[in-house]
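Asker: This structure is in structure tokens; I'll ask about it shortly.
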Amino acid sequence: MSKPWNTLNSLRTECRHFRGDVPCKPHKQRGVHCIDEQGITCPLYERTSSNILIIKLGAIGDVIRTTPLLHRLKALYPEARIWWLTLSPEVVPPLVDVILPFTPQTLAALAAAEFDILFNLDKDREACALAATLSAKIKKGFTLRVGTPVPIDEDAVHKYMTGVFDDLSRANTKSYLQEIFEVCGLEFKGERYILDPHRNEGYTWKLPRRKMIIGLNTGCGGRWTTRLWPDKNWVALARRLKKAGYVPLLLGGEQEHARNLRLARQSGALYVGHFPLPQFINLVDQCHLVVTAVTMAMHITLGLNKKIVLFNNIFNKNEFELYGQGAIIEPESGCTCYYAPRCTNPDLAPKGCMEHIRVDTVFGAVRHLLAS
């Protein structure tokens, strides 16, 4: 006959660490059971009483900038087991209990689960379809009705409307974080991003240690190339920074590799290559300040609590929460190409308005932020 400590009745399936499919981490690390031979409960037992699901598929930067919500959810629901469904599981913080990639296997598991609260923060049809079909006592955000994404309740209306009408989006005065907290029925109170800097991965960088390192993120992705700052300006800025005693460090991915090699040769800036995401995050962590357009690197910079000079032209600048540690610089000519992938202004095309962000302005913003 089995001993009481080694039966199904002894399991604490409500424990935050319990998995069911594999041994929990406390057991693997310390050999503990839910209840030991003496009938004593595991010292690492942590009770959960509810399940919360976040659906935020999104790109990497979009997922990173949603992590401030976790501060509030952990405070409001300390006994909740938090689940997160995403296309970018690599940047979801480990304080999330169940991190789920968007796969058929995951969807099958979610269909059999029950949630106390479901937050769907995406207006994509697939995300809204899930919100409509999954079982949850409370649903917030967006859902699918007659095949069309719609807000679930009044809290999500503002975010919904700014996403379907450009004039409302232009007139919006709320940051993304204010909007996304509002969708959840909450008020944003300055909660910070949560991002692992990967300082324990053993990465080594041959970088000067007694000078301030200024990251220059030269790309902007392939979707909205209207955000690109001209190469000649990156060269001029790097030279100015180097002359002033800073270390300009070119940043980017594989798409920017050829450009950064060329810019390094022309400007004397440092370029150490492109890397997998964890290593890139750690490289950004070496910088004191980053100059970038609106990209994944912007969110990584903010997630690492670094100072930032942000180029913006085609977006509403009110969208960005810089936590008082950055400056937004826009073209002096203005920009009329709202969310446009190519410049549509006949007076500025084909070069576009980014030509009108001056090197002197950027250099001055860098100096001011580093002195503050």
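Asker: If I ask for residues that are touching a Lys or Arg at 6+ places or on another chain (Cβ under 9 Å) and exposed (fewer than 15 other Cβ atoms within 10 Å of the Cβ), which ones from the stretch 15-40 would you list?
Answerer: Selection gives Arg19, Val22, Lys25, Glu37.
Asker: Quick one: what pairs do we get from the stretch 355-368, first residue in contact (Cβ under 8 Å) with a residue 40 or more places away in the chain and within 14 Å of Lys307 (Cα to Cα), second assigned to a helix (DSSP H, G or I) and not polar (S, T, N, Q), C-beta under 6 Å, 6+ apart or different chains?
Answerer: Val362/Leu237; Phe363/Arg240
Asker: OK, next. In the list Asp116, Asp122, Asp155, which residue meets the criterion of being buried (at least 16 other Cβ atoms within 10 Å of the Cβ), in contact (Cβ under 8 Å) with a residue 60 or more places away in the chain and not aliphatic (A, V, I, L, M)?
Answerer: Asp122
Asker: Output the number of the condition that Ala59 fails; it satisfies all remaining conditions of (1) at pLDDT 95 or above; (2) under 16 Å from the mean Cα position of the chain (by Cα).
Answerer: (1)
Asker: If you check Arg72, Arg65, which single one turns out to be under 30 Å from Gly221 (Cα atoms), at pLDDT 95 or above and among the basic types (Lys, Arg)?
Answerer: Step by step, each of Arg72, Arg65 is checked, and only Arg65 is under 30 Å from Gly221 (Cα atoms), at pLDDT 95 or above and among the basic types (Lys, Arg).
Asker: Here is a further query. Please give the number of the condition Val290 fails out of (1) under 20 Å from Val359 (Cα atoms); (2) out of contact with any Gly (no Cβ under 7 Å at 6 or more places or on another chain).
Answerer: Failing condition for Val290: (2).
Asker: Another question, then. May I ask you to verify whether Ile180 is buried (at least 18 other Cβ atoms within 10 Å of the Cβ), part of a loop (DSSP other than H, G, I, E, B) and not acidic (Asp, Glu)?
Answerer: So Ile180 fails the test.
Asker: Of the conditions (1) out of contact with any Gly (no Cβ under 9 Å at 6 or more places or on another chain); (2) outside any helix (DSSP H, G or I); (3) aromatic (Phe, Trp, Tyr), Tyr193 satisfies every one except a single condition; which number is it?
Answerer: It is condition (1) that Tyr193 fails.
Asker: Considering every residue within the stretch 265-279, establish whether at least one is touching a residue at least 24 places away in the same chain (Cβ under 8 Å), crowded, with 16+ Cβ neighbours inside 10 Å and touching a Ser or Thr at 6+ places or on another chain (Cβ under 8 Å).
Answerer: No, the stretch 265-279 contains no residue that is touching a residue at least 24 places away in the same chain (Cβ under 8 Å), crowded, with 16+ Cβ neighbours inside 10 Å and touching a Ser or Thr at 6+ places or on another chain (Cβ under 8 Å).
Asker: I'd like the full set of residues that are of a type in the set (Lys, Arg), at pLDDT 85 or above and over 29 Å from the mean Cα position of the chain (by Cα), limited to the stretch 1-24.
Answerer: Selection gives Arg12 alone.
Asker: Confirm whether Val235 is at pLDDT 95 or above, among the β-branched types (Val, Ile, Thr) and crowded, with 18+ Cβ neighbours inside 10 Å.
Answerer: yes
Asker: In the stretch 89-107, what residues are closer than 26 Å to Thr292 by Cβ and surrounded by 21 or more Cβ atoms within 10 Å (Cβ to Cβ)?
Answerer: Val91, Val92
Asker: Among all residue pairs at least 6 apart or on different chains, which show Cβ distances below 8 Å where the first residue, located in the stretch 39-68, is over 24 Å from Gly185 (Cβ atoms) and the second is assigned to a strand (DSSP E or B)?
Answerer: Thr41/Ile35; Cys42/Cys15; Cys42/Ile35; Tyr45/Cys15; Glu46/Cys15; Arg47/Cys15
Asker: Name the residues in the stretch 299-313 that are hydrophobic (A, V, I, L, M, F, W, C) and either surrounded by 24 or more Cβ atoms within 10 Å (Cβ to Cβ) or without any contact (Cβ under 8 Å) to a residue 60 or more places away in the chain (or both), would you?
Answerer: Matches in the stretch 299-313: Ile300, Leu302, Ile308, Val309, Leu310.
Asker: It is to be established whether one or more residues within the stretch 280-297 are in contact (Cβ under 8 Å) with a residue 60 or more places away in the chain, buried (at least 17 other Cβ atoms within 10 Å of the Cβ) and of a type in the set (Gly, Ala, Ser).
Answerer: Looking through the stretch 280-297, at least one residue is in contact (Cβ under 8 Å) with a residue 60 or more places away in the chain, buried (at least 17 other Cβ atoms within 10 Å of the Cβ) and of a type in the set (Gly, Ala, Ser).
Asker: Determine which member of the set Glu114, Glu90 is of a type in the set (Asp, Glu) and farther than 17 Å from Lys140 by Cβ.
Answerer: Glu90
Asker: Taking the condition of a type in the set (Phe, Trp, Tyr), at negative phi and at pLDDT 95 or above, does Tyr323 pass?
Answerer: no
The values are calculated or read from the model by the stated rules, or taken from the named source; none is laboratory data. This is a predicted model, so every value here is computed, not measured. A quick note on method: Cβ atoms are made from the backbone with ideal geometry, for glycine too, and the neighbour counts reach across all protein chains shown.
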